[in-house]
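The values are calculated or read from the model by the stated rules, or taken from the named source; none is laboratory data. Nothing here was measured: the structure is a model prediction, and the numbers come from that model. With ideal geometry, Cβ positions are generated from the backbone for all residues, glycine too; neighbour counts draw on all protein chains shown.
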Amino acid sequence: MCTDDDRPARAVTSVRVAKEPLRARPIAPAAGRARKDRQVPDRMPSRPPGSEAAADTGSAAAGGPGPRERSRPGRFGRWRRRTRVARVLSVGTTVLAAALLLAALLLPDQRDRLTPSAFLRLPAEAVLLTALPLTLPRWARRVAAVVTGLLVGLLALLKCLDMVFHTVLFRPFDPVLDWGLLENAADYVRDTSGRTAELLAVAGAVLLAVAVPALTTASALRVTSLTARHRGRAVRASLALGTAWITCVTLGLRGGGEPLAAAVDADLLGARVPQVRASLADARLFRRLAAHDAFAHTPPDRLLTGLRGKDVLFTFVESYGRSAVEDPALAPRIGTVLKESTGALRAAGFTARSGWLRSPVTGGGSWLAHSTFLSGLWISNQQRFRTLTSSDRATLTGSFRRTGAWRTVGIVPGVRGAWPEGGFFGLDHVYDAAHLGYRGPGFGWSQVPDQYTLEAFRRREFGRRGRGPLMAEIVLTSSHHPWAPVPRPVGWTELGDGSVFHRVEREGKDEKEVWRSARSVRAEYRGAVEYALRSLFGFLLRYGDDRTVLVFLGDHQPVPVVTAGSPRRDVPVTVVARDPEVLERISGWGWTAGLKPAADAPVWAMDTFRDRFLTAYGP
């Protein structure tokens, strides 16, 4: 038994013992367990000693995890795996962002340049995009990334539009004047592939217009953030890229025919700035040109006196261009049609003179060529067309109406809705696709075969008994892109309501089959032009007489896949008549005798024809 005087000493001793390191002492197992039971009863295991090891051993023997195996898939292991996945995703996202920006910067603006070598270059814009964030504070860096990403995305969309316009119209997209043509493109898709295809195409275009700038902006922010976090590496990378770019420019290094050092978007902007300026000034220029009209105040009794009493037919043959009569792959068969028809017409008492006109468009935009031919003004874009058709300009067809000596009609099977421009062109009556009585199938974009179009014109106007002189604007559409399927001639007495063409349409080729190769496209185009010309000459031989005067021409060259990239915009133009006085009035034009113009025949701008024609057949 201890006293109070012994307690401090015991406390000091217990503290001293607690601070001393423990020493291992051999003790008897039973005694050790007994002592432990007495000293720390609250830590005694809930099961007998050795049962846990036995359970673990039994679990391992049964195929279950042992104590070490149970500790592996813990929280730390799962965290490490998640971190590794996140790191891989982060790196992958950054690589994709950089690749997207690089592809947008190197995307060419013409389809024939869309090759793998076009993307194996170093753009100057990429060097600037790497270096720019290193010189800006954080807030300015983010603003610059957003602006840069948007600009890259918008330029990528512009290059996509350029590819389409180069393919169809053989020129780049005009960001000021060409927006109205997108509506015409949607109409074309609807007319050739149906309403569903049009909606899908419009939805795809809208989605692309939104997604591309959004993705390039997000990519620019990602790359900029990366360079800011790794400033030292970014500085070294910028110096290396800049040195490589300057070296490639200095040495003129090329790969796959393309310079390794590129500045695609910079060059594009450099070319577009003058174009935009010119387009913005075009409206003022066109108003000044349109203000001068040599025949605006000519008295009606002094207009077209050399054609009084004649039936004058102005006929446009779709996509009938210079390539059709001069290209070695196209000319032999089309030339045969022209030669045979020249002989047949001569035997029937007709003579012809042919020359060349330079169209304001190529590959498409027929209405621009038509209005150029009829108005005497160069109508090369939609803005000019709208300005023209809202004016009181005297047109070639309108001049016939002004005289009061002709009934003026339009046969326009390509028009499928309201066409207020018919009044501007001076037409008393317009027969569009819905008013020709056709009950047959469509042939690609062309809904009415040319042979039926001409026969419908005869039934409704040309063949009417007791009628007076007639002036007609006729548009033949069977040679319109995509030339799938192409109609073929049938007997004139078999035409009926056009149902006979169901059999012809089933025998033709579909668009996928035709556009499988350039050779197939050119062959079908050739067949379509042959069909259009044979229909026209057949009509003239069957129904023409001493009063008939035919003026027929192409509106523009076909798409580049047919012209093999020829830059020429010339189209043939021919005047055919039985009355020798009609052709005598144009003897000074220097045109070639027959239906085929010579290679060295005069080439006039299409907008000069109106004044030359009105002058030749005036008093």
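Only one entry in Leu595, Leu550 is aliphatic (A, V, I, L, M) and either farther than 27 Å from Thr298 by Cα or over 38 Å from the mean Cα position of the chain (by Cα) (or both), namely Leu595. In segment 284-304, the residues that are on the phi > 0 side of the Ramachandran plot form Cβ pairs under 8 Å with partners that are small (Gly, Ala, Ser) and not in a helix (DSSP H, G or I), at six or more places apart or across chains, as follows: Leu304/Ala405; Leu304/Gly618.
Would you kindly identify the strands (runs of 3 or more DSSP E) lying entirely within segment 326-437 that contain at least 3 residues that are under 20 Å from Phe613 (Cβ atoms)?
Result: 351-358, 407-412.
Pick from segment 450-482 the residues that are free of Cβ contacts under 8 Å to residues at least 60 places away in the same chain and assigned to a loop (DSSP other than H, G, I, E, B): which of them is farthest from Lys509 (Cα to Cα)? Residue satisfying both the conditions and the ranking: Gly466.
Quick check on segment 339-354. Is at least one of its residues surrounded by fewer than 15 Cβ atoms within 10 Å (Cβ to Cβ) and within 40 Å of the chain's Cα centre (by Cα)?
yes
Of all the residues in segment 510-537, those that are buried (at least 18 other Cβ atoms within 10 Å of the Cβ) and farther than 17 Å from Phe443 by Cβ number 2. Restricting attention to segment 311-338 and to residues that are hydroxyl-bearing (Ser, Thr, Tyr) and crowded, with 19+ Cβ neighbours inside 10 Å, the residue that is nearest to Gly538 (Cα to Cα) turns out to be Thr315. Looking across Ala262, Ala237, one residue alone is in the same structural domain as Leu151 (by TED's automatic domain parsing), in contact (Cβ under 8 Å) with a residue 24 or more places away in the chain and closer than 30 Å to Pro175 by Cβ. It is Ala262.
Every condition in (1) surrounded by fewer than 21 Cβ atoms within 10 Å (Cβ to Cβ); (2) more than 26 Å from Phe537 (Cα to Cα); (3) in contact with a strand residue (DSSP E or B) (Cβ under 9 Å, 6 or more places away or on another chain) is met by Pro360 except one, and the failing one is (1). Scanning segment 603-619 for residues being exposed (fewer than 14 other Cβ atoms within 10 Å of the Cβ) and more than 20 Å from Arg308 (Cβ to Cβ) gives a total of 1. Condition first: more than 20 Å from Gln557 (Cα to Cα), touching a Phe, Trp or Tyr at 6+ places or on another chain (Cβ under 8 Å) and among the charged types (D, E, K, R). Now tell me which residues in segment 324-373 satisfy that. Answer for segment 324-373, where residues must be more than 20 Å from Gln557 (Cα to Cα), touching a Phe, Trp or Tyr at 6+ places or on another chain (Cβ under 8 Å) and among the charged types (D, E, K, R): just Arg353. Of the residues making up segment 219-265, those that are closer than 17 Å to Ala145 by Cα, in contact with a helix residue (DSSP H, G or I) (Cβ under 7 Å, 6 or more places away or on another chain) and surrounded by 13 or more Cβ atoms within 10 Å (Cβ to Cβ) are Ser219, Ala220, Leu221, Arg222, Val223, Thr224, Leu226, Thr227, Ala228, Ala234, Ser238, Asp265. The criterion of being assigned by TED's automatic domain parsing to the domain that holds Thr216, within 20 Å of Leu221 (Cβ to Cβ), within 25 Å of the chain's Cα centre (by Cα) and modelled with pLDDT of 80 or more holds for Thr148.
Scanning segment 381-400 for residues that are buried (at least 19 other Cβ atoms within 10 Å of the Cβ) and basic (Lys, Arg) returns Arg384, Arg393.
Screening segment 563-586 for residues that are of a type outside the set (Lys, Arg) and at pLDDT below 95 and picking the one that is nearest to Asp607 (Cα to Cα) gives Pro567.
The number of residues in segment 173-231 being acidic (Asp, Glu) and closer than 28 Å to Pro441 by Cβ comes to 4. Given the criteria in the same structural domain as Phe314 (by TED's automatic domain parsing) and farther than 24 Å from Phe457 by Cβ, does Ala369 qualify? No. Could you tell me whether any residue of segment 549-565 is crowded, with 24+ Cβ neighbours inside 10 Å, among the acidic types (Asp, Glu), out of contact with any His (no Cβ under 9 Å at 6 or more places or on another chain) and in contact (Cβ under 8 Å) with a residue 12 or more places away in the chain? Checked segment 549-565: no residue is crowded, with 24+ Cβ neighbours inside 10 Å, among the acidic types (Asp, Glu), out of contact with any His (no Cβ under 9 Å at 6 or more places or on another chain) and in contact (Cβ under 8 Å) with a residue 12 or more places away in the chain. The criterion of at least 2 residues that are within 30 Å of Leu89 (Cβ to Cβ) and aliphatic (A, V, I, L, M) is met by the following helices (runs of 4 or more DSSP H) wholly inside segment 189-292: 195-229, 231-251.
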